[in-house]
Amino acid sequence: MRELVLRARDGDAAAWTALVERHAETLWAVARSWRLGDADCADVVQLTWLRLVERLDTIQDPDAVGAWLVVTARREAARTARERGYEPLGATTAALPPPHDVVAAREQVCAVGTALRTLPRRCRDLLRLAALAPGQAELAAALDMPVGGLGPTRARCLQKLRRKLTP
């Protein structure tokens, strides 16, 4: 993270793109947690990035930029929510997880996504569709597999995924 922030400070467009790709979904999730409408969420996310541009040279710990972005998005969302009369989920900011937990969870999701993309296509399809299919019969039909083969195949695919996630 440090390298991306330092490169962004120097005006490296690729570093900015990488920062946005890494943190955009998290910022949207923070904004949505305040029950803001789509346009207000977009404003919160955009303002958060603007605040980073304005203060990038003052960030003392570049490795903590993810947490800084989450805190900034919370503040922008809270301000927007107050102005628009929205209430956050749970009705208080205390109900929201700490920024470092949000960043850590996002990094875990990214790691799982990366590992999932390296699995054989059959495993990727099975694991993705298993989360969406309403039942075993529908999943088996979508994958053109017998229902009885889903469990063992899924277990093997999950084992492959676990191995890729274990350092």
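Quote the accessible area belonging to Thr80 in square angstrom, nearest 10, computed with a 1.4 Å probe and with ligands, DNA and RNA left uncounted.
10 Å²
For the stretch 1-84, evaluate the Debye formula with one uniform point scatterer on each Cα (no solvent term) and list log10 I(q)/I(0) at q = 0.12, 0.15, 0.16 Å⁻¹, rounded to two decimals.
For the requested q values the scattering log ratios are -0.33, -0.50, -0.56.
Mind checking the angle between helix 13-32 and the chain's longest principal axis? C-alpha axes, 0 to 90 degrees, to the nearest 10.
So the inclination is approximately 80 degrees.
Using a 1.4 angstrom probe and counting only protein chains, how large is the accessible area of Met145 in Å², to 10?
20 Å²
In the chain, carbon and sulfur make up what percent of the accessible area (probe 1.4 Å)? Numbers along the way, then the final one.
Values: 5420 of 9940 Å².
Exposed carbon and sulfur together represent 54 percent of the surface.
When the solvent-accessible surface of protein heavy atoms is calculated with a 1.4 angstrom probe, in what order do Cys110, Cys157 fall, highest first?
Values: Cys110 50, Cys157 0 Å².
Ranked list, largest accessible area first: Cys110, Cys157.
Subtracting the Cα-Cα distance from 0.36 nm times the residue separation, let me have the gained length for Arg163 to Asp144 in nm, one decimal.
Values: separation 19, 0.36 × 19 = 6.84 nm, distance 2.63 nm.
Using 0.36 nm per residue and subtracting the Cα-Cα distance, I get 4.2 nm.
Given charges of +1 on the Cβ of Lys and Arg and -1 on the Cβ of Asp and Glu, with all other atoms neutral, how large is the dipole of the stretch 35-167 about its Cα centre, in debye to the nearest 20? Present the calculation step by step, with values, prior to reporting the outcome.
Details: 20 positive and 15 negative charges, 160 e Å.
With only Lys, Arg, Asp and Glu charged at Cβ, the dipole is about 760 debye.
Roughly how many Å² is the accessible area per residue of the chain, as a whole number, for a 1.4 Å probe? Write out the running numbers ahead of the final one.
Details: 9940 Å² over 167 residues.
In whole numbers, the chain has 60 Å² accessible per residue.
Work out how much length Asp38 to Asp12 would gain on full extension: take 0.36 nm times their residue separation and subtract the Cα-Cα distance, in nm to one decimal. Could the numbers behind the result be given before it?
Numbers: separation 26, 0.36 × 26 = 9.36 nm, distance 2.96 nm.
Computed gain between Asp38 and Asp12 is 6.4 nm.
Set the Förster radius R0 to 35 Å, insert the Cβ-Cβ distance between Val109 and Glu83 as r into 1/(1 + (r/R0)^6), and round the FRET efficiency to 0.05. Could the numbers behind the result be given before it?
Working: r = 31 Å, r/R0 = 0.88.
Efficiency for this residue pair is about 0.70.
Can you give the accessible area of His100, probe radius 1.4 Å, in Å² rounded to 10?
Accessible area, nearest 10 Å²: 120 Å².
In Å, what Rg and Dmax follow from the Cα atoms of the chain?
Here Rg and the maximum Cα pair distance are 19.9, 59 Å.
Can you find, among Ala42, Leu158, Ala13, the residue sitting farthest towards the positive end of the charge dipole of the chain, where Lys and Arg contribute +1 and Asp and Glu -1 at Cβ?
Leu158
At 0.36 nm per residue, and after removing the present C-alpha to C-alpha distance, how many nm does the segment from Thr153 to Ala131 gain when stretched out fully? Before the final figure, lay out each step's value.
Numbers: separation 22, 0.36 × 22 = 7.92 nm, distance 1.47 nm.
Difference between extended and current length: 6.4 nm.
Would you mind checking the tilt of helix 147-165 against the longest principal axis of the Cα atoms of the chain, expressed as 0 to 90 degrees and rounded to 10?
For 147-165 against the chain, the angle is about 40 degrees.
Compute the long axis of helix 99-117 from its Cα atoms, compare it with the longest principal axis of the Cα atoms of the chain, and write down the angle in degrees, 0 to 90, nearest 10.
Helix 99-117 and the main axis of the chain meet at about 40 degrees.
So, in Å, what gap is there between the alpha-carbon centers of the stretch 1-44 and the stretch 110-167?
30 Å
The values are calculated or read from the model by the stated rules, or taken from the named source; none is laboratory data. Remember, predicted model here, so these are calculated numbers, not experimental data. Positions of Cβ are backbone-derived with ideal geometry, glycine not excepted, and every protein chain shown enters the neighbour counts. Note: accessible area is taken over every heavy atom of the protein model, side chains too, but ligands, DNA and RNA are not part of it. Shrake-Rupley method; radii C 1.70, N 1.55, O 1.52, S 1.80 Å.
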